Structure formats: C-alpha cells, structure tokens
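Participant: Below are the structure tokens for one structure; questions will follow.
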Amino acid sequence: MNDVIKLLPDSVANQIAAGEVIQRPSSAIKELLENAIDAQATQIDVLVKESGKALIQITDNGCGMSITDARMAFERHATSKITKAEDLFNIYTMGFRGEALASIAAIAQVELKTKKHHEDIGTCLSIEGAVVKEHKPVATNAGSSFSIKNLFFNIPARRNFLKSDAIEARHIIEEFERIAIAHPQVGFSLHINGNDLYILNAGNLKQRITSIFGNVYNEKIVPISEETSVVKLAGYIIKPEFARKTRGEQFLFVNKRFIKSAYLHHAVTAAFDQLLPKDSFASYFLFVEVDPKSIDINIHPTKTEIKFDDERSVYAIIKAAVKKAIGQYGIAPLLDFEREASFDLPYAKLKETPVLPNIKVDTSYNPFRSINKSGAQDWKKLFEQEPEKSIPNNQLPQQQIDLMPINEKVTYPCFQWQIKYLVTQNKSGLVIIDIERAHQRINFESHLYNIQHKIKASQQLLFPAIFNCNQSDATILLSHLNHLAELGFSIKRKSELSFVIEGLPTLLDQEREGPIIESLIEHFKNDTFDEKESQLAIARILAMHHIHANVSSLSQQAMQSLIDRLFACKNAAYTPDGKKIFTTITSENLF
C-alpha cells in the first residue's frame, strides 16, 4: 500500500498560515504597525492605494534592522521577542510569534528598506510569494519602510473575496484608529487613495481622542481611573446624553492591545443601566493593565481575544469603576452610603424628636366600585409573549386567526381605551390592538414597498441639519450617499467629518435625523446582508423613526382607518421586530 501523507512545501504552508493571520489589507497594516511600535518608533506613516489591494507602504523611524536580521525577519517563527515557551506568559510587546512578515511575504510582493541609526548604509530586500528576489545594500533613512504590492496576487480566489474599496478602507481606518489610540505618544499619519485622513501629533490620550474624533469630545468624555491589586484601569467614558446609535466608539485595551470581549463590554453597559437612551450604545476608551502572567494572548491568530485567569474580578472592577465615574462627575446621582444621613436635614430640625406618622385607613373602601387604574398594566400582558422575544421578519408567522372582515364591508364598533389601545371585535371575539405597534407595521410595509419599487418620496427640511461623525462612519456614509438618495435622503458632504442633511423620506421624524442616520450607518457596517435582507432591515429602521401620530383622542373615522390599514398588511399580527400587535379574546375565555 502506497504512502499518502506528504509534507507540504514551505510556500504552501506559508500561504495556509497567511490565511489565518492576513485576512484582508487591514490585517497586514495592523501587523506592520505593531512591529513598528515594538521597534520603538516615534513616527509612523501609512500610505494606501486602492484600499490596500495595490499598495500598502508603512514607514517608521524605529530601531531598524541589520542585513542579517532583515533576511531572518521573513522566516516563519523567527522572532526576537521570545526564546522559550514560558515567555508566552510574560509578553509585553505587540508581536511575538514571528508569523506576520512570513505570512505577508507568502501572498504579496514585498520590498523592505531598513537601516540602524548608527549604521551608514542600509539594506533592501525584495520578496515575491515567499521567494527572495533581491537582497542588496541601499542608502535609506534610519528605521524601516515596508512596501506591500498586489496583496493576494498568487491567490486569486482569496483576492476575489475582498470587498469594495470603501469597505476595505473602513477596515483599515478601524485598525489604524485602534493602534493610534493605544499609543498616543507616537505620531501617526494615514493617507488612503490620495486623501490625507489623519495627521496625528504625539501627545496624551485625551489629545489623541480629540484629534481623531473632533474637539467636541472635550465636553463628551469623562475620565476614569482605578487601581487594585488585580487590575489597573484608566481611560475615558462618554456621557450618556452623547450616546450614539452606532457601536463604533467602543475601545477596550488590555496591556495596550485592542481586544474584543463581549463579557467585559457587558460590564460597561451594565454600569450605564437605565442611563442610555433607547437603542443607543455606551461609548468608551478603556485601558486595562494586568500582570502578563494572568492572561493568555495566544488563543487567536489575530490576537484580538484574550483569556483571563480571573475574568470575573476584572468584570466587577470595570463595572464598579465606570459607575463611580458616572456618579463622581455628576452624570447620575451618587449614593454615598458612608455619609451621615442627618447632614441632609435642615439645621433647625436637627434637635427635634421625630414623630411617627398618623396613618388613616378607609375600611369601607372597595376597589371594585371604580375602574382599576392599574388595568393598563394587566392589558399590556396580553401583548407580551412568554417570554417576549424578537422574531426575525422572515420567520414571523402569518395571520392564522379570523381577521377583520374588510371585504364584507362590515364595520364593527370600536373605541379607544387608555389612549394606547383600540378595542373592537371580529367573528372570533374581542380584539385589542396596540396603536403604536399597529403604526409600526403599517409604516414598515409602506417603506418596504417604496424601497422594493424604487419609489422616492422625500421631504425637505425647513432648517438643514448638521451631522458629525468619526472617520470610519464618514467613510461608510460617503460610500452610501447614492443609495440613501434613492430612499429619499438628501445629504451633502460639508467637510471631512461633517455632512448636511437637507431632506428625509416622507413622514420621518425631522427632529431625529441624527439617530436615523446613525441607525443606517450601523446597518451598513454589516456587509453580509443580501439585497432582500438589506431592504427589510432599512424599512425596519425607517419605520422605527416615523413621526408619532397624535393618538390622545382618535375620532371614530381615524380608528376605523387604522384598523383597515393594519389588516390590509401582509402580516398584521407582528411588528417588524416580532412583537404582537393585537390579541383576541374569544367568548369562551371572557369568564
């Protein structure tokens, strides 16, 4: 029997490894920026063409490399950071595995020019598909300059999976911002497709935040600082009143390394409990410092996930520190349980003896003689599922029970109860309709129809509104202006990070143009939707921001019109996010 297992060639093995480490142009930029930081650079410049597909050039003034080191740096698992397995639990540098340069060289055409500060001549190394083409002395500046051309040139299938220039540029901006925020003591610049997006001078964290997101953040951010035996925490949180509909400004760093942790993110959001507006997200720039021995950063190819020895303690400390900052800076009332309660009494009352209150009880009171004022809460339960969960729109059950007999031209009596509900009947029994949810379903199907049939219904704003955002969101919004125009939006770019909103789709709330755009940007960030799912999602967003009709006292004609329009919908039973719109009580269930 012939042997079938063979050892892969180094070139193939490197391409496989590159698939884990280098997923898109932004991955290569992240790795090279981290190497520049490890080289103790104080200035790093990034130049990108065609969103990294054609060229990525990163120049730094770090320590540079010798002729031998320049060649060895491209060998797989060649590193100066660790020498034995135990060193993996004592990592202070950004890179340590020696995989980045080998992976990039396996899938691109790479040129490196580097020189140590004390040397007179540098070295130039050219590699194409892991094959060294040229290695020669060259006159160059101290530090290192990497030029990466034609990423994935030898893996065309992988190159075809790259997204549009706008999407790839957004990923580059996100990675750049994470590195720049984590290292404010380093100067950075970013140039993408001929545009100078960032020129950041070295400074402190607050200066770096305002340089990236705008000077307006001076009044938005609140400092946070806490030091314990387990963890040291520092950074800033954004005041709840400035919360946005997008998740972009959520930065969590552990030992200056950006990480993604849903568990620790929950610690921050839990501290903001009941302080954030509906459908808004907490924003923060938090730096966690822990003993490297207490974490494992080698559990993910891109090093964006970390395993903690005691994650619960870190969670508790973050939550407590954020709550403390919220109270300390007057964002919310601070309860000081160590304070003497008598301090809150007027001076004249301090020496008086407290008198017990005299409570009178009406023993003849009968709650059933009048309408139960808390009945509204009981009625609400009829609309809740057990437990209530949002149901994907494509999974909503179609109406199965007897609907309003519109086709029979029979009008049943109806009345408004507790402002929030309409009460009427059908053949099956008593029907109770949630007015707000009925409007959401009607508006959703109206917007969806307009989107699917490319019907542009727009209204001009009496006073154009200014929408400010960060660079990443600005890139997304700019790339979707034509799409938004088809929906009825009229938006023009005012400056690099500022847009003018001149018009909205008909019947949208003109006082909430900012949250509407933020919600749409959050949707566009997810580039995995197909066209049908995207249409449903956009219609759902527009329906949630519709003008709230005055339903305090509906006329009989208005009530009947709402009922007719609701049951003319394709799915009258559920809102776009899967909540019940009405409930039916049959005669058998009345008693």
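Participant: Report, by chain and number, residues whose modeled amide H sits under 5 Å from the one on residue 254, excluding near sequence neighbours (fewer than 5 apart, same chain).
Facilitator: For residue 254, the qualifying residues are 259, 288.
Participant: Note the per residue figure in Å³ for the convex hull of the C-alpha positions in the range 436-526.
Facilitator: 99 Å³
Participant: Among 65, 94, 544, 72, what's the order by accessible area (1.4 angstrom probe), most exposed first?
Facilitator: Ranked list, largest accessible area first: 72, 544, 65, 94.
Participant: Leaving ligands, DNA and RNA out of it, rank 278, 427 by accessible area with a 1.4 Å probe, largest first.
Facilitator: Greatest to least solvent exposure: 278, 427.
Participant: In addition: Provide the net charge surrounding residue 569, with neighbours chosen by a C-beta distance below 10 Å and charges set as Lys +1, Arg +1, Asp -1, Glu -1.
Facilitator: Around residue 569, the charge tally is +2.
Participant: Just how much of residue 135 is accessible, in Å², when a 1.4 Å probe is used and the result is rounded to the nearest 10?
Facilitator: Result for residue 135: roughly 80 Å² accessible.
Participant: Might you work out the accessible area of residue 131 for me, using a 1.4 Å probe with all protein chains in place, and round it to the nearest 10 Å²?
Facilitator: 80 Å²
Participant: With equal scatterers on the alpha carbons only and no solvent term, can you work out the Debye log10 of I(q)/I(0) for the range 463-586 at 0.10, 0.14, 0.17 1/Å?
Facilitator: Those come out to -0.41, -0.73, -0.96, one per q.
Participant: Oh, and also: What is the extension gain from residue 40 to residue 316, computed as 0.36 nm multiplied by their sequence separation minus the C-alpha to C-alpha distance, in nm to one decimal?
Facilitator: 96.0 nm
Participant: What residues qualify as long-range amide H neighbours of residue 459, i.e. H under 5 Å apart, gap of 5 or more or another chain, H built at 1.01 Å from N?
Facilitator: 504, 506
Participant: In what order, largest first, do 175, 31 sit by accessible area if the probe radius is 1.4 Å?
Facilitator: Listed by decreasing accessible area, they come as 175, 31.
Participant: While we're looking at this one, here's another question. Can you tell me the relative contact order of the range 147-213? Whole percent, Cα pairs under 8 Å, sequence separation 6 or more.
Facilitator: Dividing the mean separation by the residue count of the range 147-213 yields 20 percent.
Participant: What length, rounded to one decimal in nm, is gained on full extension from residue 415 through to residue 206, with 0.36 nm per residue of separation minus their alpha-carbon distance?
Facilitator: Here the segment from residue 415 to residue 206 would lengthen by 69.5 nm.
The values are calculated or read from the model by the stated rules, or taken from the named source; none is laboratory data. None of these values were measured; they are calculated from a predicted model. All Cβ positions, glycine included, derive from the backbone under ideal geometry; neighbour counts span all protein chains shown. Surface areas here come from the heavy atoms of the whole protein model, side chains and all, with no ligands, DNA or RNA. Shrake-Rupley method; radii C 1.70, N 1.55, O 1.52, S 1.80 Å.
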